[in-house]
Protein chains: 4
Amino acid sequence: MLNIGILGCGRIGQVHAGSLQHIDTAGVAAVADAFEDAANALAAKTGARVMTTDQIIADPSIHAVVIGTPTNTHFDLIRASAKAGKAIFCEKPVDMSAARIRELITLVEGAGVPFLTGFNRRFDPGFATLQARIAAGDIGDVELVTILSRDPSPPPVSYIKSSGGLFRDMMIHDFDMARFLLDEEVVRVFATGSALVDPAIGEAGDVDTAVAVLTTASGRICQISNSRRATYGYDQRAEVHGSLGLIKANNVPENNVEFASGAGFRSAPAQHFFLERYAAAYRAEMMHFIACLGAGIAPSPGIRDGLAAQMIADAAAQSLATGMPVDLD
Amino acid sequence: MLNIGILGCGRIGQVHAGSLQHIDTAGVAAVADAFEDAANALAAKTGARVMTTDQIIADPSIHAVVIGTPTNTHFDLIRASAKAGKAIFCEKPVDMSAARIRELITLVEGAGVPFLTGFNRRFDPGFATLQARIAAGDIGDVELVTILSRDPSPPPVSYIKSSGGLFRDMMIHDFDMARFLLDEEVVRVFATGSALVDPAIGEAGDVDTAVAVLTTASGRICQISNSRRATYGYDQRAEVHGSLGLIKANNVPENNVEFASGAGFRSAPAQHFFLERYAAAYRAEMMHFIACLGAGIAPSPGIRDGLAAQMIADAAAQSLATGMPVDLD
Amino acid sequence: MLNIGILGCGRIGQVHAGSLQHIDTAGVAAVADAFEDAANALAAKTGARVMTTDQIIADPSIHAVVIGTPTNTHFDLIRASAKAGKAIFCEKPVDMSAARIRELITLVEGAGVPFLTGFNRRFDPGFATLQARIAAGDIGDVELVTILSRDPSPPPVSYIKSSGGLFRDMMIHDFDMARFLLDEEVVRVFATGSALVDPAIGEAGDVDTAVAVLTTASGRICQISNSRRATYGYDQRAEVHGSLGLIKANNVPENNVEFASGAGFRSAPAQHFFLERYAAAYRAEMMHFIACLGAGIAPSPGIRDGLAAQMIADAAAQSLATGMPVDLD
Amino acid sequence: MLNIGILGCGRIGQVHAGSLQHIDTAGVAAVADAFEDAANALAAKTGARVMTTDQIIADPSIHAVVIGTPTNTHFDLIRASAKAGKAIFCEKPVDMSAARIRELITLVEGAGVPFLTGFNRRFDPGFATLQARIAAGDIGDVELVTILSRDPSPPPVSYIKSSGGLFRDMMIHDFDMARFLLDEEVVRVFATGSALVDPAIGEAGDVDTAVAVLTTASGRICQISNSRRATYGYDQRAEVHGSLGLIKANNVPENNVEFASGAGFRSAPAQHFFLERYAAAYRAEMMHFIACLGAGIAPSPGIRDGLAAQMIADAAAQSLATGMPVDLD
């Protein structure tokens, strides 16, 4: 039985605690949050103890931590947890600074602790099937990857201001997905964007509509497009064109009902809420983490995947700023 | 070069004349219609001569006739054409009376003339593919056939009164489709129906909403449902459940456009007009007729298929009237 | 907080216990099963006490029972529970004998205890949406209902022998669905069937492929078809044709991935396992039961719905045996 | 009655002649081709006279010419036809050189003759519906356009060598579609590509897999991707994301049949052959041309649309060569 400490009892911490309730070989032993009420509520639901983050990290009976606190606390918590020999499940982004992620890589790899970066979409049944079938050779050589990702509605401008910008906050998921599906490292990035959804986002120095073109050394190409608003739900699609065929993950509708009338055939919008859309992914992600700990295998995506996506995001932001493509080392 | 005489220059005669313009080995040589204007108009379009039906049947240079006149004229025209040794393409129904169709079978088979009964739906790319794949063994043994057929809107009550009733006028197409897909003769029929679309149809002694259950000697079952009105287009579907799989022909949409909004995803209605929906079927039907004449092969469906469908329709009408299933000999 | 006793800790008892874990206002207080291991296992998962069914029914701190024991025990358990004033959630069928269900109705209604018959499919998001939109008038007057229901593979012949036959064991779900969607009582039933999937089923006196036609007093018609085997998953579809439009619930695919190659476009089979396919339905069903208890409202479908479906099943079995339609009183 | 002269009796000339046979107000009066047999064959089918291109252009009874000859002959034929006052329907590309197209614009506009550039896809029922609904305001402001266009298989390398390259030969259709759907001029182009399908295409100095990003002055963005090979048919899709919704044109399948088995649900590939896929578009294009001549309205897309697409293609080719985005004046 693995004892897990939940650091951060907000929305995402609760999701991970919920996933652990479906796993027989692990349990939530302790929870911590800066807000006492949040910690108490999650403790009541799970039967876990309320502790501080320091206490959890110091407790030798806790085998692993799940870090779901604000991004600016990740660095210190990862450092402390690695030193304490804890396995680490850290929400994305690992950190806003690639330099600091490099520092953490040294620490984490030095300590030899398992590390999972929380790119949950890799565990979505649809996207995971895409990758599995590419790996199985079903579509032959990967040539063109197309990723469309659109949020139901933009976050508040206050959030935008401290988000690091669309490429680091939103498209970073798609950069990781691109790496997952391209099966080769990205060497060049061109990105552009506009504030079309809300002028206030433009005034805050960010964009809400953006595209990127990624290329690999062998010439594979990935196109990504993002919008901060989609009236028809949470639009999450990917398709991969290969030498033997095309494989794509379509949206997940709210239900399977179709209504026919003189106006045609109408089916349900795409699921709106990311926690519903990716519910299965979050469960599979935690199962993977726990299974890896049990089997002594390194979880994937690891901390270096967190760095790689961050570096593409930095390059995309630079491309937007300069209007020029950016080469990655 | 086969010379074809078109008997009846109404809507369906024009369709068949149009199909012949796409066929190199046959042409419209002569046209006849009780209304002189109709005959003249079709003659102008095709370059054919205007003649009477008697003249066409008597003309030794005409190899085949296409009969698209009112049903009550079919008997005499078929009899005369068979005696004259003409190949015959006759619109369904061959005749409203099974007894008279039997009389025509004797004549037609005695004369040895090729005969095609105009069950156009067998030539629809969708339904033809169903039958071809069943014949190829793709779904194994046929077990359950489901046919849904609904018109965009009911005909005038005046038409209903002389139509022979829904089973002989509308569901007869589905009875032929059932025979086409069941791959075994129907031995028992249960049918029921109601006037739900328009009370005037009920007052005229007919139904506008009806179902039938057909069974074969080996226990295969076919369900058919009809409605005289579908707000979303001309609903024409069939599916066949077999031991190895299911195969179905879906509706044909007016276009391939999808519109997504907060109300969900909306696609086009089914094509409304039967001449548009079955345009490809009419062309393929005529190609089959001409190809059979050229190759000296009997066209299919033949006159006996016309009789078989009529007998099922008669049995269905009797089942509706009595409330009991009816056995076919 | 409502204390629930689970009678029967098999597959379905575990599902209902699992649903209760997601509900804040109710909990599993006690579990009982003829097999001690089954009871112990469920107790360990839920923190409930292990008791006998008699003890649970006698315990005044238990507010409601969930009956998931074999059908032949339902009668005694319902009688005892009703006498003890317990709210009752009973799996379908209530009993194999309509006469005995009538006896239970007198008892249950006499005792005034809430009663839910476990027709889970009414709570499926797809079918529930159909009914809600019919009730909202979206398709106008209901005219034709089509229900297709096919199991992934037949049960063992040993099960078939004691099942009461396809109509009482399998199609009973569809009879309840027909009543749910027709919005009017069924007055006449015609049914037929064959043993096409497995001759051993025929030798056991049952059919594995069957259809039924149900009619209502106003002339609405419902067609149902069943097969004990579908190679492509658990086929569960319904569509309702009305005066203003058509509404249908399509199958639920295993995932949202599509693969395109020279052979065309391939998407996932329908979900195979009924517990996965109806997972959301089981949760919603329990929520409805608990919510009704909390609000003092009668749950629906109630015990009379259990009787009504059973009577249609009896009539269908009689129709199959006699070859004739059967009128319901 | 408008008399049309067909210049070039190859595949595309035959298509346009066929379209004219469905139009009552115009007819093929004369045909010309460098290969006598081709001209004779088309003359036999249409009843037109065989003439030389010079004779057709000089004949005052011919009102319009349809130019379907090789691209390098367009300049001279357009110049001569404009001088002769003929209405002109010219296949794309107008010319490989933007400078020469500018010269032709001066001539054509000076002569005041109607001119249609043969971007047939604008007339496809799917893409035309997209544009019509954008124009009607259904999706609000256009923000992101995504165009995916993939040929069934690459042309011979010999063709590639004289094609002007993928951007001028293949993606030019998508550049025109982008202008059609963006509803604003393109000001900046970034393009990249690889030879992944066939190394021989790379050795010939061209790419077979390519993407482009187009931006407009107000910040609208269009992503295009092309491949010279798609195993699953002729992949032709476009979608437009706007402030009120998304609209997309899906592929057109070969038929409407679906096959279900343990491997899932399989539907037909996309139509493979461009003449079949765009048959309706070619007919609508000719109807538009003839209707414009009849009404005295300028056909659209005109010669300036031909120039605009060519300039984007030139910019894309330059972007590929330099690796940098290119601004359009």
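Can we say B:S267 is within 19 Å of B:L148 (Cβ to Cβ) and at the interface with chain C (Cβ under 8 Å from one of its Cβ atoms)? When the stated conditions are applied, B:S267 does not pass them. Cβ-Cβ contacts under 7 Å between residues 6 or more apart (or on different chains), taken from a first residue in the stretch C:274-290 that is part of a helix (DSSP H, G or I) to a second residue that is crowded, with 22+ Cβ neighbours inside 10 Å and among the acidic types (D, E), are listed as C:A280/C:D124; C:A281/C:D124.
Answer with yes or no whether D:Y234 is in contact with a helix residue (DSSP H, G or I) (Cβ under 7 Å, 6 or more places away or on another chain), under 30 Å from B:A128 (Cα atoms) and within 14 Å of chain A (Cβ to nearest Cβ). So D:Y234 fits the description; yes. Just a yes or no: is a residue in the stretch A:113-129 farther than 19 Å from A:M177 by Cα and away from every other protein chain (no Cβ under 12 Å)? Yes, the stretch A:113-129 contains at least one residue that is farther than 19 Å from A:M177 by Cα and away from every other protein chain (no Cβ under 12 Å).
Restricting the first member to the stretch A:133-147 and to residues that are in the same structural domain as A:E239 (by TED's automatic domain parsing), and the second to residues that are surrounded by 22 or more Cβ atoms within 10 Å (Cβ to Cβ) and among the aromatic types (F, W, Y), the beta-carbon pairs closer than 8 Å and six or more apart or on different chains are A:R133/C:F259; A:D138/C:F259; A:I139/C:F259. Only a single item in (1) of a type outside the set (V, I, T); (2) part of a helix (DSSP H, G or I); (3) out of contact with any Asp or Glu (no Cβ under 6 Å at 6 or more places or on another chain) is not met by B:C90, and it is number (2). Looking at the structure I just gave you, is B:E258 within 12 Å of chain D (Cβ to nearest Cβ), more than 30 Å from C:D151 (Cα to Cα), crowded, with 17+ Cβ neighbours inside 10 Å and of a type in the set (D, E, K, R)? Yes; evaluated as a whole, the condition is true for this residue.
When the residues of the stretch B:61-73 are filtered to those that are part of a helix (DSSP H, G or I) and closer than 14 Å to B:G10 by Cβ, which remaining residue is modelled with the highest pLDDT?
Filtering the stretch B:61-73 for residues that are part of a helix (DSSP H, G or I) and closer than 14 Å to B:G10 by Cβ, the one modelled with the highest pLDDT comes out as B:T73.
For the stretch D:1-42, residues that are over 28 Å from B:V15 (Cβ atoms), of a type in the set (A, V, I, L, M, F, W, C) and more than 21 Å from the chain's Cα centre (by Cα) total 8.
Within the stretch D:98-113, the presence of at least one residue that is at positive phi and not in a helix (DSSP H, G or I) is confirmed. For C:I134, the conditions (1) more than 14 Å from chain A (Cβ to nearest Cβ); (2) within 20 Å of C:I312 (Cβ to Cβ) all hold with the exception of (1).
Is there a residue being small (G, A, S) and within 11 Å of chain C (Cβ to nearest Cβ) anywhere in the stretch B:273-281? Break it down into steps so the answer makes sense when it comes.
First, pick out the residues of the stretch B:273-281 that are small (G, A, S): B:279-281.
Within this subset, residues satisfying the condition of being within 11 Å of chain C (Cβ to nearest Cβ) are none.
Within the stretch B:273-281, not a single residue is small (G, A, S) and within 11 Å of chain C (Cβ to nearest Cβ).
Determine whether the stretch A:86-102 contains at least one residue that is buried (at least 20 other Cβ atoms within 10 Å of the Cβ), among the polar types (S, T, N, Q) and within 24 Å of A:G10 (Cβ to Cβ). Scanning the stretch A:86-102 turns up no residue that is buried (at least 20 other Cβ atoms within 10 Å of the Cβ), among the polar types (S, T, N, Q) and within 24 Å of A:G10 (Cβ to Cβ). Sub-6 Å Cβ pairs linking a first residue in the stretch A:103-123 that is farther than 17 Å from A:I67 by Cβ to a second residue that is of a type outside the set (D, E, K, R), at least 6 apart or interchain, are A:R121/A:F127; A:R121/A:H173; A:R121/A:M177; A:R122/A:F180; A:F123/A:A281; A:F123/A:A284, ordered by first then second residue. Filtered by the rule that a residue be in contact with a helix residue (DSSP H, G or I) (Cβ under 7 Å, 6 or more places away or on another chain) and either under 21 Å from B:V211 (Cα atoms) or surrounded by fewer than 15 Cβ atoms within 10 Å (Cβ to Cβ) (or both), the stretch C:140-156 gives C:V142, C:V145, C:I147, C:S149.
When the residues of the stretch D:114-132 are filtered to those that are among the small types (G, A, S) and part of a helix (DSSP H, G or I), which remaining residue is farthest from D:A298 (Cα to Cα)?
Applying the filter and picking the extreme gives D:G126.
In the set (1) more than 10 Å from chain D (Cβ to nearest Cβ); (2) touching a Ser or Thr at 6+ places or on another chain (Cβ under 8 Å), B:A249 fails one condition alone, (1). Can you find even one residue in the stretch A:45-64 that is among the aliphatic types (A, V, I, L, M) and under 18 Å from A:E285 (Cβ atoms)? So far as the stretch A:45-64 goes, yes, one or more of its residues are among the aliphatic types (A, V, I, L, M) and under 18 Å from A:E285 (Cβ atoms).
Checked against (1) touching a strand residue (DSSP E or B) at 6+ places or on another chain (Cβ under 9 Å); (2) within 11 Å of chain D (Cβ to nearest Cβ); (3) touching a residue at least 12 places away in the same chain (Cβ under 8 Å); (4) surrounded by fewer than 22 Cβ atoms within 10 Å (Cβ to Cβ), A:D183 passes all but a single condition, namely (2).
Limited to the stretch A:140-157, what total is found for residues that are part of a loop (DSSP other than H, G, I, E, B) and either under 23 Å from A:A191 (Cβ atoms) or more than 9 Å from chain D (Cβ to nearest Cβ) (or both)?
Initially, the stretch A:140-157 is screened for residues part of a loop (DSSP other than H, G, I, E, B), giving A:140-141, A:151-156.
Narrowing further to those that are either under 23 Å from A:A191 (Cβ atoms) or more than 9 Å from chain D (Cβ to nearest Cβ) (or both): A:151-156.
Of the residues in the stretch A:140-157, 6 are part of a loop (DSSP other than H, G, I, E, B) and either under 23 Å from A:A191 (Cβ atoms) or more than 9 Å from chain D (Cβ to nearest Cβ) (or both).
One residue stands out among those in the stretch A:207-229 that are facing another protein chain (nearest Cβ under 7 Å) and over 19 Å from the mean Cα position of the chain (by Cα): the one that is surrounded by the most Cβ atoms within 10 Å (Cβ to Cβ), which is A:I221.
The values are calculated or read from the model by the stated rules, or taken from the named source; none is laboratory data. Computed from a predicted model, the values in this text were never measured in an experiment. All Cβ positions, even for glycine, are placed from backbone atoms using ideal geometry, and neighbour counts span all protein chains on display.
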